[in-house]
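The block underneath contains the structure these notes are about, expressed in C-alpha coordinates.
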Amino acid sequence: HLSGDEAMISAFQNGHDVHAATAATVYGKPMEEVTRDERTKAKRANFGLIYGISAWGLSQSLLIDRKEARRLMDGFFETFPKVQQYMEESKAMAAEKGYASTLLHRRRYLADINSGNATVRGFAERNAINAPIQGTAADIMKLAMVGVARRFKAEGIRSRITMQVHDEIVVDLLRSEREQVERIVQAEMEGAAKLSIPLTAECGVGENWLAAH
(Lines give C-alpha, C1' and ligand atoms only; values in the text may rest on other atoms or scores of the structure.)
Protein backbone atom coordinates (compact mmCIF):
# COMPACT_ATOMS: atom_id res chain seq x y z
CA HIS A 1 0.00 0.00 0.00
CA LEU A 2 2.77 2.44 0.90
CA SER A 3 4.86 1.79 -2.21
CA GLY A 4 1.95 1.58 -4.62
CA ASP A 5 3.75 -1.25 -6.41
CA GLU A 6 1.20 -2.76 -8.81
CA ALA A 7 2.80 -6.21 -8.84
CA MET A 8 2.82 -6.48 -5.06
CA ILE A 9 -0.72 -5.12 -4.73
CA SER A 10 -1.91 -7.63 -7.33
CA ALA A 11 -0.16 -10.47 -5.48
CA PHE A 12 -1.94 -9.62 -2.24
CA GLN A 13 -5.30 -9.01 -3.91
CA ASN A 14 -5.11 -12.41 -5.60
CA GLY A 15 -3.85 -14.24 -2.52
CA HIS A 16 -0.43 -14.97 -4.01
CA ASP A 17 2.70 -15.54 -1.97
CA VAL A 18 5.03 -12.53 -2.41
CA HIS A 19 8.04 -14.48 -1.12
CA ALA A 20 7.43 -17.32 -3.58
CA ALA A 21 7.02 -14.72 -6.34
CA THR A 22 10.44 -13.27 -5.51
CA ALA A 23 12.00 -16.73 -5.46
CA ALA A 24 10.41 -17.55 -8.82
CA THR A 25 12.05 -14.47 -10.35
CA VAL A 26 15.44 -15.19 -8.78
CA TYR A 27 15.58 -18.88 -9.63
CA GLY A 28 13.82 -18.59 -13.01
CA LYS A 29 11.00 -21.06 -12.43
CA PRO A 30 7.19 -21.04 -12.09
CA MET A 31 5.93 -20.07 -8.63
CA GLU A 32 4.42 -23.51 -8.04
CA GLU A 33 7.86 -25.11 -8.49
CA VAL A 34 9.60 -22.95 -5.87
CA THR A 35 10.97 -25.08 -3.03
CA ARG A 36 10.53 -24.32 0.65
CA ASP A 37 14.24 -23.53 0.98
CA GLU A 38 14.10 -21.10 -1.95
CA ARG A 39 11.04 -19.38 -0.52
CA THR A 40 12.69 -19.11 2.90
CA LYS A 41 15.75 -17.47 1.39
CA ALA A 42 13.59 -15.02 -0.55
CA LYS A 43 11.53 -14.22 2.55
CA ARG A 44 14.65 -13.47 4.58
CA ALA A 45 15.90 -11.23 1.79
CA ASN A 46 12.56 -9.44 1.44
CA PHE A 47 12.33 -8.57 5.12
CA GLY A 48 16.04 -7.85 5.36
CA LEU A 49 15.81 -5.21 2.65
CA ILE A 50 13.36 -3.18 4.71
CA TYR A 51 15.94 -3.13 7.51
CA GLY A 52 18.71 -2.10 5.15
CA ILE A 53 20.57 -5.41 5.11
CA SER A 54 23.56 -5.65 2.74
CA ALA A 55 24.38 -8.51 0.40
CA TRP A 56 27.21 -9.46 2.75
CA GLY A 57 24.90 -9.40 5.79
CA LEU A 58 22.30 -11.53 4.00
CA SER A 59 24.95 -14.01 2.87
CA GLN A 60 26.14 -14.39 6.46
CA SER A 61 22.59 -14.78 7.76
CA LEU A 62 21.61 -17.44 5.23
CA LEU A 63 25.04 -19.10 4.97
CA ILE A 64 25.12 -18.58 1.22
CA ASP A 65 27.67 -16.87 -1.03
CA ARG A 66 27.43 -13.15 -1.62
CA LYS A 67 26.55 -13.60 -5.30
CA GLU A 68 23.39 -15.56 -4.45
CA ALA A 69 22.50 -13.01 -1.76
CA ARG A 70 22.81 -10.22 -4.33
CA ARG A 71 20.60 -12.19 -6.73
CA LEU A 72 17.93 -12.48 -4.04
CA MET A 73 18.02 -8.76 -3.35
CA ASP A 74 18.00 -7.81 -7.02
CA GLY A 75 15.21 -10.32 -7.62
CA PHE A 76 12.99 -8.60 -5.08
CA PHE A 77 13.41 -5.21 -6.73
CA GLU A 78 12.94 -6.74 -10.17
CA THR A 79 9.68 -8.34 -9.02
CA PHE A 80 8.46 -5.28 -7.13
CA PRO A 81 10.25 -2.25 -8.67
CA LYS A 82 8.26 0.48 -6.95
CA VAL A 83 9.37 -0.74 -3.53
CA GLN A 84 12.88 0.52 -4.21
CA GLN A 85 11.43 3.85 -5.35
CA TYR A 86 9.41 4.03 -2.13
CA MET A 87 12.53 3.40 -0.06
CA GLU A 88 14.47 6.18 -1.78
CA GLU A 89 11.55 8.60 -1.52
CA SER A 90 11.14 7.78 2.19
CA LYS A 91 14.77 8.70 2.86
CA ALA A 92 14.52 11.92 0.85
CA MET A 93 11.31 12.99 2.57
CA ALA A 94 12.72 12.30 6.02
CA ALA A 95 15.86 14.27 5.16
CA GLU A 96 13.68 17.22 4.15
CA LYS A 97 11.22 17.10 7.06
CA GLY A 98 13.36 15.60 9.80
CA TYR A 99 10.87 12.84 10.57
CA ALA A 100 9.00 9.86 9.12
CA SER A 101 5.27 9.35 9.69
CA THR A 102 2.70 6.58 9.62
CA LEU A 103 -0.49 6.60 7.58
CA LEU A 104 -2.25 7.96 10.66
CA HIS A 105 0.33 10.75 10.90
CA ARG A 106 2.24 9.61 13.97
CA ARG A 107 5.77 10.86 13.64
CA ARG A 108 9.18 9.43 14.38
CA TYR A 109 11.73 12.21 14.51
CA LEU A 110 15.14 11.36 13.05
CA ALA A 111 17.73 13.74 14.42
CA ASP A 112 20.58 12.10 12.51
CA ILE A 113 18.95 11.89 9.08
CA ASN A 114 21.30 14.57 7.70
CA SER A 115 24.36 13.58 9.70
CA GLY A 116 27.74 13.90 8.02
CA ASN A 117 28.66 10.52 9.51
CA ALA A 118 27.61 7.91 6.95
CA THR A 119 27.12 5.16 9.53
CA VAL A 120 24.92 7.31 11.76
CA ARG A 121 23.00 8.68 8.79
CA GLY A 122 22.50 5.16 7.40
CA PHE A 123 20.84 4.04 10.65
CA ALA A 124 18.46 7.01 10.48
CA GLU A 125 17.69 6.27 6.82
CA ARG A 126 16.79 2.69 7.63
CA ASN A 127 14.40 3.99 10.28
CA ALA A 128 12.94 6.41 7.73
CA ILE A 129 12.04 3.42 5.55
CA ASN A 130 10.91 1.10 8.31
CA ALA A 131 9.04 3.43 10.71
CA PRO A 132 6.07 4.12 8.40
CA ILE A 133 5.67 0.39 7.74
CA GLN A 134 5.95 -0.93 11.28
CA GLY A 135 4.32 2.18 12.73
CA THR A 136 1.29 1.86 10.46
CA ALA A 137 1.02 -1.83 11.34
CA ALA A 138 1.02 -0.85 15.02
CA ASP A 139 -1.64 1.80 14.36
CA ILE A 140 -3.86 -0.78 12.66
CA MET A 141 -3.45 -3.22 15.55
CA LYS A 142 -4.42 -0.59 18.10
CA LEU A 143 -7.52 0.32 16.08
CA ALA A 144 -8.44 -3.36 15.87
CA MET A 145 -8.03 -3.83 19.63
CA VAL A 146 -10.20 -0.79 20.37
CA GLY A 147 -12.80 -2.08 17.92
CA VAL A 148 -12.85 -5.54 19.50
CA ALA A 149 -13.13 -4.11 23.03
CA ARG A 150 -16.03 -1.86 22.01
CA ARG A 151 -17.87 -4.72 20.30
CA PHE A 152 -17.34 -6.99 23.30
CA LYS A 153 -18.87 -4.34 25.55
CA ALA A 154 -21.74 -3.54 23.21
CA GLU A 155 -22.68 -7.20 22.72
CA GLY A 156 -22.24 -8.21 26.36
CA ILE A 157 -19.28 -10.51 25.71
CA ARG A 158 -17.55 -11.70 28.88
CA SER A 159 -14.42 -12.94 27.08
CA ARG A 160 -11.56 -10.45 27.36
CA ILE A 161 -8.50 -9.37 25.40
CA THR A 162 -5.46 -10.31 27.46
CA MET A 163 -2.61 -9.05 25.26
CA GLN A 164 -1.29 -8.24 21.81
CA VAL A 165 1.56 -10.27 20.30
CA HIS A 166 2.88 -8.52 17.17
CA ASP A 167 -0.01 -8.89 14.71
CA GLU A 168 -2.15 -11.08 16.95
CA ILE A 169 -4.79 -10.41 19.59
CA VAL A 170 -4.96 -12.97 22.39
CA VAL A 171 -8.39 -13.42 24.00
CA ASP A 172 -9.25 -15.24 27.21
CA LEU A 173 -12.27 -17.05 25.79
CA LEU A 174 -15.44 -18.44 27.32
CA ARG A 175 -16.20 -21.58 25.32
CA SER A 176 -19.87 -20.63 25.04
CA GLU A 177 -18.88 -17.38 23.30
CA ARG A 178 -16.48 -18.88 20.77
CA GLU A 179 -18.60 -18.27 17.67
CA GLN A 180 -19.39 -14.67 18.62
CA VAL A 181 -15.81 -13.87 19.60
CA GLU A 182 -14.33 -15.30 16.40
CA ARG A 183 -16.82 -13.32 14.32
CA ILE A 184 -16.12 -10.06 16.16
CA VAL A 185 -12.34 -10.38 16.26
CA GLN A 186 -12.03 -11.32 12.60
CA ALA A 187 -14.39 -8.54 11.47
CA GLU A 188 -12.67 -5.84 13.53
CA MET A 189 -9.15 -6.88 12.52
CA GLU A 190 -10.01 -7.08 8.84
CA GLY A 191 -11.92 -3.80 8.95
CA ALA A 192 -9.45 -1.78 11.03
CA ALA A 193 -8.11 0.08 7.97
CA LYS A 194 -8.98 0.54 4.32
CA LEU A 195 -5.91 -0.15 2.21
CA SER A 196 -5.24 -0.96 -1.43
CA ILE A 197 -4.85 -4.58 -0.38
CA PRO A 198 -7.19 -6.68 1.79
CA LEU A 199 -6.45 -7.20 5.47
CA THR A 200 -7.02 -10.85 6.35
CA ALA A 201 -7.20 -12.48 9.76
CA GLU A 202 -7.54 -16.04 10.99
CA CYS A 203 -8.68 -17.33 14.37
CA GLY A 204 -7.21 -20.21 16.32
CA VAL A 205 -8.53 -21.65 19.59
CA GLY A 206 -6.70 -23.78 22.13
CA GLU A 207 -6.06 -24.39 25.81
CA ASN A 208 -3.16 -21.94 25.58
CA TRP A 209 -1.62 -19.57 23.05
CA LEU A 210 0.74 -22.19 21.65
CA ALA A 211 -2.06 -24.71 21.13
CA ALA A 212 -4.15 -22.05 19.34
CA HIS A 213 -1.55 -21.99 16.56
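The values are calculated or read from the model by the stated rules, or taken from the named source; none is laboratory data. In this text, all values refer to a predicted model and were calculated from it rather than measured experimentally. All Cβ positions, glycine included, derive from the backbone under ideal geometry; neighbour counts span all protein chains shown. Ligands, DNA and RNA are stripped out before the accessible areas are found, and what is left, the full protein with its side chains, is counted by its heavy atoms. Shrake-Rupley method; radii C 1.70, N 1.55, O 1.52, S 1.80 Å.
Miscellaneous remarks
- On the chain, 51 percent of the accessible area sits on carbon and sulfur atoms, based on a 1.4 Å probe.
- Dividing the helix sum by the residues of the chain, where each DSSP H run of 4 or more adds -39500 (n - 2.57), gives a mean residue ellipticity at 222 nm of -19000 deg cm²/dmol.
- Using a cutoff of 8 angstrom between alpha carbon atoms and counting only pairs six or more residues apart, the relative contact order for the range 38-101 works out to 26 percent.
- About the Cα centre, charge dipole magnitude for the range 9-130 (Lys/Arg +1, Asp/Glu -1 at Cβ), debye: 340
- Sequence-distant lysines (8 or more away, or on other chains) whose Cα lies within less than 30 Å of Lys29: Lys41, Lys43, Lys67, Lys82
- Most mobile listed residue (Ala137, Ala11, Ala42) in the chain, GNM with C-alpha springs under 10 Å: Ala11
- For the range 10-99, chymotrypsin sites (Phe, Trp or Tyr not before Pro) meeting the loop criterion (DSSP other than H, G, I, E, B) and having at most 16 other Cβ atoms within 10 Å: Tyr51.
- Those lysines that a straight Cα-Cα span of less than 17 Å connects to Lys194, excepting residues fewer than 8 apart in one chain: Lys142
- Net charge of the neighbourhood of Met31, taken over other residues with C-beta under 11 Å away and scored Lys/Arg +1, Asp/Glu -1, is -2.
- Near the amide H of Leu103, within less than 5 Å, lie the amide hydrogens of Thr136, all on another chain or at least 5 residues away, with H placed in the peptide plane.
- Summed side-chain charge close to Val205 - residues other than Val205 whose Cβ falls under 10 Å, Lys, Arg +1, Asp, Glu -1: 0
- Across the chain, the longest run free of exposed loop sites, meaning trypsin sites (Lys or Arg not before Pro) lying outside DSSP classes H, G, I, E and B with no more than 16 other Cβ atoms within 10 Å, spans 1-105.
- Using a probe of 1.4 angstrom and keeping all protein chains present, the accessible surface of the chain works out to 61 square angstrom per residue.
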